[in-house]
Amino acid sequence: MIVFLFAALFFTAPVIANQDAPSLWTLEFKGEHPVAVFFDAASSSLFVSVRSAGGASGHIAKVSQAGKLENADFATSGEPLGALRAFDGRIFWIAGNQVFSKGRDGVRNEGSVAAELGDLCDIAVDRKGVVYVGTSAGYLVRIRGGVVSAEQKGQPVTGLFLYQDTLQLLRGTQLQSITVSARTDPQASSIPFCAKECRGLERTGTGKWLTVSGAQALEVGNGGSPRILYSAPASSPALGRPAYVYQMNSDDDFFVVPIPGESVIRAFRVNAARK
């Protein structure tokens with residue numbers, strides 16, 4: 001079992017980073033709404049969930065680390081798209097109440113989640129290929145071989161992150177830890193995380209968390225104030241699910257945030273934001 005490293009966080013005023021730092025690049029999806037980004041280290045590419053203007057359908061776009069569109073239609077969907085993950089050469093994503101994946105053998109439907117379990121909010125995949133999905137009704141849903149089971153119930157799940165056998169669940173303002181193999185009760189390890197609801201959960205190169213709260217991208221660490229890495233303009237009230245991109249030199253690490261209201265994704269150097 002991995003020791004859970006994070007103690008309770010102090011909700012003092014957030015530290016404001018250098019918000020004048022220029023973006024590395026911006027990629028526009030004209031007339032559409034990018035809602036989630038994921039960095040796949042195996043392919044060194046970014047994958048973006050893009051919803052249509054009406055939001056009812058969309059496509060997965062593959063983007064280079066330099067912000068160049070490599071494949072506008074890596075996958076298409078007739079359902080609203082959401083969070084993405086990768087495992088064993090496959091990209092997994094949420095589409096409506098279903099989870100799909102794509103690898104060399106094409107697109108595969110991993111399973112469907114019953115409507116009464118809530119909207120699908122985030123996704124994680126373990127080393128055995130088991131898919132975990134968090135829902136707006138507070139369920140942690142497990143999908144394995146097409147079999148779907150609801151495992152935990154609590155506050156709405158707004159973020160998931162899995163490393164080895166430890167699954168982190170973000171439930172708005174609280175962070176919980178579950179040892180997947182032991183099926184322990186996440187309530188036993190819940191700690192304060194955000195003063196206001198946060199969405200999305202990615203581990204940074206320094207062992208902190210990248211998340212978003214409203215129009216702000218935050219770096220949240222152990223025992224200190226959250227750091228505001230980016231604040232979107234007032235005209236764009238909410239950010240989508242962010243991605244963290246690791247580089248050979250950690251000073252070059254960057255994060256990418258979708259800004260649905262502006263139809264763009266933007267990349268910022270993490271260390272520039274920290275100064």
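The values are calculated or read from the model by the stated rules, or taken from the named source; none is laboratory data. Just so you know, these numbers come straight off a predicted model, no measurement behind them. Backbone-built Cβ (ideal geometry, glycine too); neighbour counts: all protein chains shown.
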> Looking at (1) more than 18 Å from the chain's Cα centre (by Cα); (2) in a strand (DSSP E or B), can you tell me which one Val212 breaks?
Replying inline: (1)
>> Yes or no: segment 180-190 includes at least one residue that is part of a strand (DSSP E or B) and touching a Leu at 6+ places or on another chain (Cβ under 8 Å).
In response: no
>> So, in segment 127-178, exactly how many residues are without any contact (Cβ under 8 Å) to a residue 24 or more places away in the chain, within 23 Å of Gly240 (Cβ to Cβ) and of a type in the set (Gly, Ala, Ser)?
In response: 2
>> Being surrounded by fewer than 18 Cβ atoms within 10 Å (Cβ to Cβ) and of a type in the set (Ser, Thr, Tyr) is the filter here; which residues of segment 127-165 pass it?
In response: Ser136, Ser149, Tyr163
> Given the conditions (1) in a strand (DSSP E or B); (2) among the hydrophobic types (A, V, I, L, M, F, W, C); (3) modelled with pLDDT under 95, and given that Ala195 satisfies all but one, which numbered condition is not satisfied?
Replying inline: (1)
>> Only one of Leu239, Leu201 is of a type in the set (A, V, I, L, M, F, W, C), in a strand (DSSP E or B), crowded, with 23+ Cβ neighbours inside 10 Å and touching a strand residue (DSSP E or B) at 6+ places or on another chain (Cβ under 6 Å). Can you tell me which?
In response: Leu201
>> Yes or no: segment 22-36 includes at least one residue that is closer than 23 Å to Leu162 by Cα, part of a strand (DSSP E or B) and modelled with pLDDT of 60 or more.
In response: yes
> Which of (1) at pLDDT 95 or above; (2) out of contact with any Lys or Arg (no Cβ under 6 Å at 6 or more places or on another chain) is the odd one out, the single condition Phe74 does not satisfy?
Replying inline: (2)
> How many residues are touching a residue at least 40 places away in the same chain (Cβ under 8 Å) and surrounded by fewer than 18 Cβ atoms within 10 Å (Cβ to Cβ) when one looks only at segment 106-126?
Replying inline: 0
> Out of segment 127-140, which residues are under 14 Å from Arg85 (Cβ atoms) and not in a loop (DSSP other than H, G, I, E, B)?
Replying inline: Val131, Tyr132, Val133, Gly134
